[in-house]
Amino acid sequence: MRRNPRYVREHLCTACRNCVEKCPVQIPDVFNQNLSKEKAIHIYFSQAIPLIAYIDPEYCLYLKEGKCGICAETCKNNAIDFKQPPERKEIKVGAIILACGFDPYDPRVREEWGYGKYSNVITSMDFERITCSTGPYGGEVLRPSDLKHPHRVAWIQCVGSRQVYEGSKPYCSSVCCSYTQKQALLFKIHSPEGECVIFNNDIRAPSKDLERFFERTKNLSGVRFVRAYPRVVGEDKNGDVILHYVTVEGEFKEEDFDLVVLSVGLMPPKGLDSLAQKLGLELEENGFIKTDPFDPVKTSREGIFVSGSVRNPGDIPEAVWSGSATAAKASIYLSFRRNKLVTQKTYPQERAIENEEPRIGVFICHCGANIGKVVHVPSLVEWASKLPYVVHAEEDLFWCSTSATRRITEVVKEKGLNRVVVAACTPKTHEPTFMEAIRAGGLNVYLVDMANIREHCTWVHPLEREEAFEKAKDLIRMSLARALFLEPLPFYEIPMSPKALVVGGGVAGMTCALDLAQQGVEVWLVEKEAELGGMARKIRWTTDFQEVREFLTDLIRRVYQNPSIHVLTESEILETSGYLGNYLTKVKTQNGVSEIKHSIAVIATGAIEYKPRGYLYGQDERVLTGLEFEAFLSESEEETKALKSVAFIQCVESRNEERKYCSRICCGETLKNAIKLKELNPQCEVFVFYRDLTAFGFLELLYKRASELGIKFVRYTPENPPLVESEKEGIKVKAKDLFINEELELKVDRLILAGGVAPNPDNGKLAQLFKVTLDEDGFFKEAHIKLRPLDFTTDGFFLCGMAHYPKYIREAIDQAHGSASRAMTLLSKEKVLSSGIVSTIREDACMGCGACVEVCTYGALSLEETKRGKKARVIPVLCKGCGLCSSQCPTGAIEVGHFKDQQILNEIEALSEGEEKLKEMGEKLLEIRRQVA
């Protein structure tokens, strides 16, 4: 491995940026898409890890000509080293994971886009940086030519994707439709009166909640979606960009826009071919890493795994779960070394603060420009430093950065702080970061409070700067008042045993069970049907025409042969209780009721094929679903060859008010079956009626192949879907062909309905039993749709496969590996720590009414007999600190740690009575302590 020099000694650089300020050489800022300037010595971006300066040898005067050296003279830590050589390292590893990402398409290769020629033609990556607070214009949406606010903005989709031109790629980049809609939404937030025009072909919204996101964007005032491929033809004297395009109806149009954004596709990263050659890996035809058809993280070389967009274009959730999937595969390889190379992180002994007068540190964040652009942070720091009990106040561009959190730790130690207030963003984002920082300084993690001056202030008052400044002061003062009464809280230790329950014996459930078992976990695999396999038993071929049955047979064999997996078929889950590390689930089996003790659970219950209510389904045997037709193709070769015409109808009773989601797999399944039909019977006429052909990723190549085979595609609108009638000679299908603007009528021998995927009917029952949630479509709801797609909010529960959302077999396997990896983060430990934010009960005030027990959805409360009658008890490891019990208690006997009544009342009083109240609150705290002592 070769590591190029930074010309900066990493262990000495503190990211103070003094060298950057003094450097006289300005260079293009690559991170900001060359829309702004940087210095020859710079930190790549504000939240880089590690946050260390770097000297660009291409521009540095000293490295090029032996001149200057100002940065070395400026650096007080002597961190600059112009003679730093490149490093060569040899690292012995047991597995390799490739996560090289992608490169955005460069539209300069085709003159028709006007990129690089017209300054107000930018790419979607340019627009991303423009809207960012650390971007070239500080988060303001300005056009490059004159730095004015644009009013009319156009997005052109499929730039560099779905094209066979030289320099472009034939596949769909999967994410462009959704990120374009996101950018249009962002622009409307910045400019509510602005106009957005999105030029598109198909709208592809195949991932979870993206169909709703599309509808939300489409219904915004001033947003238009136009099906057309426009061409950039020039600009006028004002710098506005002129577009020419032809509508679906064949009408020629010319429009001008203040700004044109090219929605560029995802390309294989530069140098991937060279890296693949060095590692002995195969590439697929588009230049991405080739993976196993039934194991999408496995490469052509044993022990090397791949995740993210380096294997195929994909969205953030796919990158997240594929990252976990590669970790699972690597962990299996390295499980024999687990915990042998680990160094446990140590913390200083927690300082007792009970007898100390409050000493508070206030750390105010610029959050790039999110806060600093609206309120004057230095003035806030000066004001905060004069408040009672504040012994230190400081600002930083990003307090969440690695170097800044180290600074908080240092200040806690140096100044003897016993409470910390961070005025920044939402605690949902970075509160754990600051908890960790003060713990490293010797404080209990619950002695930090966050004043949300971003979401609650600067983001909602961007144009009211004076008022926002006063509100920020209010929020910080309230946080200080609360911090005065914060108390140290204990963690609760939970023993873990390597035992897991996997619910669902389909491809995802079996794959997850095998991954866990291969890492020493005892697994109970519960399946309600008589056989393992799930929906995969009904699928003959994948979309790349791999045989599913052979793969499935081998998978089932490996599950049954693994001694660590206990398979329970024809079984039903009756009851579950307990908490992370100590769950008890009762399962009804053929032999009676079994009790399973397990530390974690994975839900992989799959989904079902939707059965349409219309289009003659169930009334005419010639009308089939996609899976039924796939079985027909597989089992009825002679009948298949006798067919003269077949029609497929997409989006049947879906993407509507009743079922508002796209089932993701239907278009690919239709393309697969249509191609298989043409291969078996080339003379058969095949028609596909569709709204948007969702052939994302490499499925676009399947779409192209289908067209080449003569399969005819007819687009329809939701307002005018195809009409069908049953006749003796065949099924009559009538629809309007939008391309030729004429009514089409034909008779077909078979009508195939793509009704999509419906949630498992058992999901509601299981959600209640396991105390997990469902989304509005009836699939299981993850903890975070982008960042935690495999976790539930309930500790110790994970999900994968079509229980989460419709997906192809490869994707279900990907998620299954990922869920196993997430589960192993707990199962690999002897014990885990549970939050200290739990309810506490004053027994003398408890009247034993049981109201708290009834409302607790986590089973964390119970009534127990005592000498003084029935009293409520809390099971801390089950309590989530939601506070519902506290709100229901008629005597006020219950309080939630970290959110006690006095802490909340302090905030209210500080808001209403001002700064002088803080001194009074502190004196009250000290008086309470004296009385207790």
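The values are calculated or read from the model by the stated rules, or taken from the named source; none is laboratory data. It should be emphasised that the depicted structure is a prediction, and the values quoted were computed from it without experimental measurement. Reconstructed Cβ throughout: ideal geometry from the backbone, glycine too, with neighbour counts over all protein chains shown. What goes into the accessible areas is simple: the full protein's heavy atoms, side chains included, and nothing from ligands, DNA or RNA. Shrake-Rupley method; radii C 1.70, N 1.55, O 1.52, S 1.80 Å.
Subtracting the Cα-Cα distance from 0.36 nm times the residue separation, let me have the gained length for SER379 to ASN201 in nm, one decimal.
Values: separation 178, 0.36 × 178 = 64.08 nm, distance 5.10 nm.
My answer for the length gained is 59.0 nm.
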With Rg and Dmax of the Cα atoms in Å defined as stated, name the option among (i) 36.0, 116; (ii) 30.8, 95; (iii) 27.2, 87 computed from the structure displayed. (ii)
The range 188-268: trypsin sites (Lys or Arg not before Pro) in DSSP coil with no more than 12 other Cβ atoms inside 10 Å: LYS237
For the peptides 31-39, 317-325, 6-14, what is the packing order when you average, over each peptide's residues, the other Cβ atoms within 10 Å and list the highest mean first? 317-325, 31-39, 6-14
Computed lengthening from PHE82 to GLU572, 0.36 nm per intervening residue step minus Cα-Cα distance: 169.5 nm
Count charges around TYR583 for me, please; just the other residues with Cβ under 12 Å from its Cβ, Lys/Arg as +1, Asp/Glu as -1. +1
Starting from the Cα of LYS870, draw a straight line to each of the lysines and keep only those under 26 Å, dropping any in the same chain fewer than 8 residues away. LYS880, LYS900
Cα-Cα over 28 Å, subset of LYS538/LYS765; LYS676/LYS765; LYS329/LYS765; LYS218/LYS298: LYS676/LYS765; LYS329/LYS765; LYS218/LYS298
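Please work out how much length the chain gains when fully extended from ASP106 to THR717, using 0.36 nm per residue of separation minus the C-alpha to C-alpha distance, in nm with one decimal. Please list the in-between numbers first.
Working: separation 611, 0.36 × 611 = 219.96 nm, distance 3.36 nm.
Value of the extension gain: 216.6 nm.
Given a cut-off of 26 Å, name the pairs among LYS734/LYS807; LYS188/LYS786; LYS641/LYS704; LYS611/LYS732 whose C-alpha atoms lie farther apart than that in the structure shown.
Details: LYS734/LYS807 31 Å; LYS188/LYS786 23 Å; LYS641/LYS704 23 Å; LYS611/LYS732 21 Å.
Exceeds cut-off: LYS734/LYS807.
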Using a basic spin-label model with each label point 7 Å from the Cα along Cα→Cβ, how many nm lie between GLU350 and LYS270? 5.1
Per the charge dipole of the range 611-748 (beta-carbon charges, Lys/Arg positive, Asp/Glu negative, Cα centre), the residue among GLN619, LEU643, TYR703 reaching farthest to the positive end is TYR703
For the range 107-116, Karplus couplings with θ = phi - 60° (6.51, -1.76, 1.60), whole Hz, Gly/Pro x: x, 5, 5, 10, 5, 4, 7, x, 6, x
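Could you order peptides 443-452, 392-401 by the average number of other Cβ atoms within 10 Å of their residues, highest first? Mind dumping the intermediate values first?
Values: 443-452: 23.6, 392-401: 19.7.
The densest-packed peptide leads the list: 443-452, 392-401.
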Which of HIS244, HIS190 is most accessible, then next, and so on - probe 1.4 Å: HIS190, HIS244
When the Karplus curve 6.51 cos²θ - 1.76 cosθ + 1.60 is applied with θ = phi - 60°, which whole-Hz ³J(HN,Hα) does each residue of the range 691-702 get, with x for Gly and Pro? 8, 9, 7, 7, 9, 6, x, 6, 5, 4, 5, 5
Using a probe radius of 1.4 Å on heavy atoms only, what accessible surface per residue do you get for the range 92-241? Whole Å² is fine. 42
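For the peptides 849-859, 817-827, what is the packing order when you average, over each peptide's residues, the other Cβ atoms within 10 Å and list the highest mean first? If you can, show how the numbers build up before the last one.
Details: 849-859: 16.1, 817-827: 26.5.
The packing order, highest mean first, is 817-827, 849-859.
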Given charges at beta-carbon only (K, R positive; D, E negative), |dipole| of the chain in Debye: 2340
Given charges at Cβ of Lys, Arg, Asp, Glu: the chain dipole, positive-most of ALA604, LEU774, THR409: THR409
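For the chain, what is the mean residue ellipticity at 222 nm derived from helices alone (per DSSP H run of n ≥ 4: -39500 (n - 2.57); sum divided by total residues; nearest 500 deg cm²/dmol)?
Working: 24 runs with 263 residues, N = 933.
-8500 deg cm²/dmol, from helical runs alone.
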Step through the table entries LYS499/LYS871; LYS597/LYS831; LYS39/LYS64; LYS253/LYS712, compare each Cα-Cα distance with 23 Å, and write down the pairs that go over it. LYS499/LYS871; LYS253/LYS712
Over the range 833-923, relative contact order from alpha-carbon pairs under 8 Å, at least 6 apart, %: 32
The answer for the net charge of residues other than CYS13 whose Cβ lies under 13 angstrom from its Cβ, with Lys and Arg +1 and Asp and Glu -1, is +3
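Report the FRET efficiency, 1/(1 + (r/R0)^6), for GLU628 and GLU708, where r is their Cβ-Cβ distance and R0 is 25 Å, rounded to 0.05. Walk me through the intermediate numbers first.
On the way: r = 27 Å, r/R0 = 1.07.
So the FRET efficiency works out to roughly 0.40.
Under the definition of Cα pairs under 8 Å and six or more residues apart, what whole-number percent is the relative contact order of the range 812-874?
Working: 44 pairs, mean separation 16.3, N = 63.
Value for the range 812-874: 26 percent.
Could you size up the charge dipole of the range 41-162 around its Cα centre, putting +1 on the beta carbon of Lys and Arg and -1 on that of Asp and Glu, and report it in debye to the nearest 20? Before the final figure, lay out each step's value.
Details: 15 positive and 15 negative charges, 21 e Å.
Result for the range 41-162 is approximately 100 debye, rounded to the nearest 20.
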Once Lys and Arg get +1 and Asp and Glu get -1 on their Cβ, which of LEU489, PRO462, ILE476 lies farthest toward the positive end of the dipole of the range 459-536? ILE476
In Hz, Karplus ³J(HN,Hα) per residue of the range 272-289 (6.51, -1.76, 1.60; θ = phi - 60°; x = Gly, Pro): 5, 4, 5, 4, 4, 5, 5, 8, x, 9, 8, 9, 7, 4, 9, x, 8, 5
How far apart, in nm, are the 7 Å Cα→Cβ label points at GLU464 and GLN931? 4.0
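Hey, what did the chain get for relative contact order, percent, Cα under 8 Å, at least 6 apart?
Details: 1936 pairs, mean separation 102.9, N = 933.
Relative CO of the chain lands at 11 percent.
Please figure out what share of the DSSP beta bridges in the chain is antiparallel and state it in percent, rounded to the nearest 5. Numbers along the way, then the final one.
On the way: 71 of 142 bridges.
Bridges in the chain that DSSP calls antiparallel: roughly 50 percent.
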Listed by chain and number, the aspartates and glutamates with an alpha carbon less than 14 angstrom from that of LYS728, same-chain partners under 8 positions apart left out, are ASP620, GLU621, ASP749
In straight Cα distance, which lysines are under 18 Å from LYS473, not counting same-chain residues fewer than 8 positions off? LYS373, LYS386, LYS917, LYS919
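About the Cα centre of the range 522-679, how large is the charge dipole given +1 on each Lys and Arg Cβ and -1 on each Asp and Glu Cβ? Please answer in debye to the nearest 20.
Numbers: 22 positive and 26 negative charges, 77 e Å.
So the dipole magnitude of the range 522-679 works out to roughly 380 debye.
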